[in-house]
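I have placed the structure first, in the form of structure tokens, so that the comments after it can refer back to it.
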Amino acid sequence: MNELIEKMVPRFPVNKKDSLLGMLQEIQKAHGFLTEELIREVAQYLHLPVNKIYGLATFYDQFRFHALGKYHFQICNGTSCHLSESSINIKDLENQLYTKDGGISRDRKFSLESVSCMGSCEQGPVVKINATVFTNVSPDELNRIIRSLKDKTE
Amino acid sequence: MSVLDSIQTKDFLIEKILKNYSGIFDKGTGEQLALIKREKVIHPVLYLGMGTCGIVSGADKTYMAIQKYLNDNNLEAEVVKTGCLGFCSAEPLLDIQLPGKARISYQHVTQEKVEDLLNAVFHHTLIPENILGQHRFASHEEWPGVDFIDQHPFFAQQHRNVLHNTGLISPWSIDDYLARGGYKSLFKTVLNYTPDKVCEIIEQSELRGRGGGGYATGKKWRNALDTGSDQKFLVCNAEESDPGVFLNRAFIEGDPHRVLEGIAIASYAIGANSAYIHIRYNHEQSLMIMENAIAQAKEYGILGENIFASGFNLNLFIRKGAGAFVCGEETSLIASMESQRGTPQTKPPYPTEKGLFGHPTVVNNVETLANVPAILENGPTWFRSIGTNGSKGTKVISLAGKATRKGFVEVPMGIPISNIVFDIAGGISDGKPLKAVQIGGPFGICIPPKGLSAEIGYESLQEIGASLGLCGLTLLDEDICMVSLSKYFMKLLHKESCGKCIPCREGTHRMLEILEGITKRPKEESSHETLERFKGVVQLENLAEVIHDTSLCGLGKNAPNPVLSSLKWFRDEFEEHIFDRKCRAGVCNDLRSFFIDVDICNGCNVCQKKCPETAIIGAIRMPHFIVESKCTGCGICFDSCKFNAIYYK
């Protein structure tokens with residue numbers, strides 16, 4: 001059995017009906033994302049069909065099947081941010097970051113995700129890049145941030 | 001009298017305050033309590049709002065600046081991290097309380113302001129900018145010439161019952177809550193009342209669920225109590241994903257122990273020994289505060305085995321919601337907790353008969369549960385005295401959009417919406433006229449200013465088609481296009497539809513298509529085709545009716561609301577989009593027609609090169625021209641012109 005899952009065994013007993021979601025959450029937290037291999041392992045452990053687990057994981061917003069980019073952009077798509085004067089055009093951002101909403105760019109530098117309310121409705125538009133929150137972001141400012149991130153070479 | 005260490009404080013609070021029935025105590029105890037409550041302070045105390053909104057506004061940087069200032073000047077002062085006071089647009093909020101002086105609130109305290117501000121206050125002078133007000137307290141010396149915070153328009157009309165402690169105490173400390181009489185209701189309940197009696201009190205108080213449907217809470221508890229099953233569950237629903245409504249986290253981040261007390265009382269009333277709090281995975285602050293609060297309550301013997309030696313056990317678990325909008329509905333919430341797809345189930349059987357793992361389960365909203373301790377403390381008559389005929393008590397409402405003052409407020413039921421919009425929120429910022437108010441998140445409705453006389457309450461809001469549950473008011477000004485707003489909500493609902501019922505899954509898709517058709521400019525169109533597009537709007541109404549009548553859960557039933565209400569009140573705007581291809585707010589970009597001002601254009605040729613449709617013609621150094629039939633209205637030329645020669649209508 002996979003090490004990761006083995007560690008979780010005491011907390012998520014096989015016979016508990018509600019172990020699955022918690023396990024997937026823990027796996028994502030530890031591994032960063034879900035893979036087919038890990039889902040198969042969970043299925044084997046919990047005696048559940050793989051397709052059921054895959055169905056569950058795709059239903060919820062939390063789970064993803066690819067790693068995050070080096071810079072993970074979260075764009076608030078809440079009502080307030082959407083309505084603020086300079087609401088962020090997700091299409092433009094997709095073009096700039098070379099990725100789709102919910103995807104990752106080929107060079108694995110940027111990933112983009114539009115999320116529901118981040119709880120800072122009075123300061124929209126809100127953009128979260130990794131753990132840093134930017135408020136009242138104007139398109140120009142966002143462009144500047146992206147340019148500076150693109151220029152960074154490590 | 002001396003300052004107690006943490007173990008002494010714990011014993012003192014539990015033995016002398018919590019277990020003191022009469023509420024009367026000797027002078028020494030009173031003074032000790034005043035010290036813990038920080039009514040009397042020896043060193044200055046700084047209170048910094050560190051809720052989600054505060055941190056986003058830069059409160060953590062302010063915190064560092066304060067710590068640095070105190071270190072540099074060798075000052076002894078306590079810094080307390082509080083939750084959000086509700087006035088989110090004024091964050092970061094810093095309150096300063098000097099010994100003997102009233103607590104004074106400063107708004108917008110960014111890191112660079114810290115030094116000047118603290119310099120002044122510690123020398124007993126004040127910088128007049130950014131003062132929000134001072135807190136009223138009898139034995140504190142007032143700051144001269146500073147208004148009281150309870151006179152501030154944002155707070156004057158509020159009735160803070162659930163939010164009583166929010167923003168004033170530290171959510172990280174159980175001592176703060178205990179010192180203010182917290183957990184007394186639980187103590188009284190488990191030792192003096194039978195579960196039956198608790199249900200009776202709640203029934204008498206006429207408390208109704210604050211989540212959505214407004215089902216009588218007492219009745220729900222009674223149903224669960226009467227099932228006679230030996231295994232029951234209580235679920236506190238804090239799964240909140242409505243864009244623009246951020247109430248649940250406000251309760252948890254401001255006063256988590258009040259929620260815990262409510263949960264404990266509710267569990268006792270229905271006879272449950274296990275309770276769950278369901279919090280969305282990305283509310284990290286809420287999760288941390290709740291975990292801390294539960295650990296503290298267990299340490300103090302308030303949760304766990306044999307609470308207050310009454311024989312009542314309660315185990316509390318946090319469940320992280322994996323993020324699905326539909327999980328706000330109770331049956332889908334239960335499905336999600338059972339590690340299934342969060343799809344709603346048909347009722348009956350109601351969760352109170354057959355819920356989580358097949359056992360009777362009561363699902364209550366956070367706000368409902370936060371109301372419970374005060375009802376048991378002050379009695380059902382007190383609670384009934386607030387509010388209107390059908391709706392008792394208070395309601396916490398969030399204010400967002402283009403309002404001058406944003407955040408969340410607690411108002412008594414029955415207050416007209418116009419009072420909240422104009423007095424508390426201060427209308428639209430910059431003094432622009434109000435176009436509409438959007439009530440109730442994505443399922444909500446838009447009402448124009450003339451409809452604002454409606455009152456806050458279950459029945460009165462139902463009359464106008466809104467729901468009290470998700471009571472966020474979003475203020476909209478003239479720059480908002482109602483068609484585009486409807487499209488935005490429909491997009492969200494279409495994405496979040498769980499896919500179980502066809503009317504909701506397919507219906508929202510079709511409605512979105514029709515709305516997208518309206519906001520797009522066809523390249524060429526005959527009058528017949530215009531008529532066909534207009535028929536779409538008529539179909540929109542029919543479709544909405546079918547979706548409403550045939551969907552299973554609240555999400556589907558209410559999905560057409562935003563479109564229907566916009567159609568009702570702002571029909572002329574829809575017609576303008578269709579017939580005149582005009583968006584009066586200038587939001588629907590695809591409808592724009594671009595023109596080149598021949599007097600300004602110098603023929604630099606930049607726009608011609610950039611135009612993806614080759615719709616711009618003209619020789620170099622000669623004014624250019626846009627061929628309207630080819631133009632798709634993308635606006636690239638507008639953005640690229642350095643001479644502002646391009647304009648649109």
- [ ] Give me a count of the residues in the range B:19-48 that are under 36 Å from the mean Cα position of the chain (by Cα) and assigned to a loop (DSSP other than H, G, I, E, B).
- [x] 11
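I'd like the residue in the range B:245-271 that is assigned to a loop (DSSP other than H, G, I, E, B) and modelled with pLDDT of 90 or more and, out of all such residues, is farthest from the other protein chains (Cβ to nearest Cβ).
Within the range B:245-271, the first condition is being assigned to a loop (DSSP other than H, G, I, E, B), and the residues that meet it are B:245-246, B:255, B:271.
The next check asks that each one be modelled with pLDDT of 90 or more; those that pass are B:255, B:271.
Values: B:255: 16, B:271: 21 Å.
Among them, the one singled out is B:271.
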Open item on the list: Taking the criterion of being modelled with pLDDT of 90 or more, surrounded by fewer than 24 Cβ atoms within 10 Å (Cβ to Cβ) and away from chain A (no Cβ under 14 Å), would at least one residue in the range B:348-356 satisfy it?
Closed with: no
- [ ] Give the residue, chosen from B:287, B:333, that is without any contact (Cβ under 8 Å) to a residue 60 or more places away in the chain, touching a helix residue (DSSP H, G or I) at 6+ places or on another chain (Cβ under 9 Å) and either within 14 Å of chain A (Cβ to nearest Cβ) or not in a loop (DSSP other than H, G, I, E, B) (or both).
- [x] B:287
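Name the helices (runs of 4 or more DSSP H) wholly inside the range B:550-617 in which the number of residues that are within 25 Å of residue B:494 (Cβ to Cβ) is 1 or more.
Working: elements: B:554-558, B:561-569, B:571-575, B:606-610.
Filter on the range B:550-617 gives B:554-558, B:561-569, B:571-575.
Condition check ((1) out of contact with any Asp or Glu (no Cβ under 9 Å at 6 or more places or on another chain); (2) surrounded by fewer than 19 Cβ atoms within 10 Å (Cβ to Cβ)) across all residues:
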| site | (1), (2) |
| --- | --- |
| B:538 | yes, yes |
| B:541 | yes, yes |
| B:546 | yes, yes |
| B:550 | yes, yes |
| B:562 | yes, no |
| B:567 | no, no |
| B:571 | yes, yes |
| B:582 | no, yes |
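Regarding residue B:286, is this residue among the polar types (S, T, N, Q), within 30 Å of residue B:500 (Cβ to Cβ), open to solvent by less than 10 Å² (accessible area, probe 1.4 Å) and more than 24 Å from the chain's Cα centre (by Cα)? Walk me through it before giving the result.
Details: among the polar types (S, T, N, Q): yes; within 30 Å of residue B:500 (Cβ to Cβ): yes; open to solvent by less than 10 Å² (accessible area, probe 1.4 Å): yes; more than 24 Å from the chain's Cα centre (by Cα): no.
When the stated conditions are applied, residue B:286 does not pass them.
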Open item on the list: Among the residues of the range B:508-530, are any within 14 Å of chain A (Cβ to nearest Cβ) and open to solvent by less than 20 Å² (accessible area, probe 1.4 Å)?
Closed with: no
Open item on the list: Among (1) modelled with pLDDT of 85 or more; (2) more than 11 Å from chain A (Cβ to nearest Cβ); (3) open to solvent by 20 Å² or more (accessible area, probe 1.4 Å), there is one condition residue B:464 misses while meeting the rest; what is its number?
Closed with: (1)
TODO: Report the residue count in the range B:171-200 for those that are open to solvent by less than 10 Å² (accessible area, probe 1.4 Å) and assigned to a loop (DSSP other than H, G, I, E, B).
DONE: 3
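Table: residues versus (1) of a type in the set (A, V, I, L, M); (2) not assigned by TED's automatic domain parsing to the domain that holds residue B:269.
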| site | (1), (2) |
| --- | --- |
| B:370 | yes, no |
| B:446 | no, yes |
| B:451 | no, yes |
| B:454 | yes, yes |
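Inside the range B:336-347, can you point out the residues that are within 11 Å of chain A (Cβ to nearest Cβ), part of a loop (DSSP other than H, G, I, E, B) and in contact (Cβ under 8 Å) with a residue 60 or more places away in the chain? Walk me through it before giving the result.
Looking only at the range B:336-347, we keep the residues that are within 11 Å of chain A (Cβ to nearest Cβ), and these are B:336-343.
Right, trim to part of a loop (DSSP other than H, G, I, E, B) and you get B:338-343.
Answer for the range B:336-347, where residues must be within 11 Å of chain A (Cβ to nearest Cβ), part of a loop (DSSP other than H, G, I, E, B) and in contact (Cβ under 8 Å) with a residue 60 or more places away in the chain: B:341, B:342, B:343.
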Open item on the list: All but one of (1) surrounded by 24 or more Cβ atoms within 10 Å (Cβ to Cβ); (2) modelled with pLDDT of 90 or more hold for residue B:399; state the number of the condition that does not hold.
Closed with: (2)
TODO: Give the residue, chosen from B:93, B:117, that is buried (at least 18 other Cβ atoms within 10 Å of the Cβ), under 16 Å from residue B:134 (Cβ atoms) and within 14 Å of chain A (Cβ to nearest Cβ).
DONE: B:93
TODO: Within the range B:290-322, count every residue that is touching a Lys or Arg at 6+ places or on another chain (Cβ under 9 Å) and part of a strand (DSSP E or B).
DONE: 4
Open item on the list: Looking at (1) in a helix (DSSP H, G or I); (2) surrounded by fewer than 21 Cβ atoms within 10 Å (Cβ to Cβ); (3) modelled with pLDDT of 90 or more, which one does residue B:81 not meet, given that it meets all the others?
Closed with: (1)
Open item on the list: I'm told residue B:621 meets every condition in (1) surrounded by 15 or more Cβ atoms within 10 Å (Cβ to Cβ); (2) without any contact (Cβ under 8 Å) to a residue 40 or more places away in the chain except one. Can you identify the failing condition by its number?
Closed with: (1)
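The values are calculated or read from the model by the stated rules, or taken from the named source; none is laboratory data. None of the values given here were measured: they were computed from a predicted structure. All Cβ positions, even for glycine, are placed from backbone atoms using ideal geometry, and neighbour counts span all protein chains on display. For accessibility, only protein heavy atoms count, side chains too; no ligands or nucleic acids. Shrake-Rupley method; radii C 1.70, N 1.55, O 1.52, S 1.80 Å.
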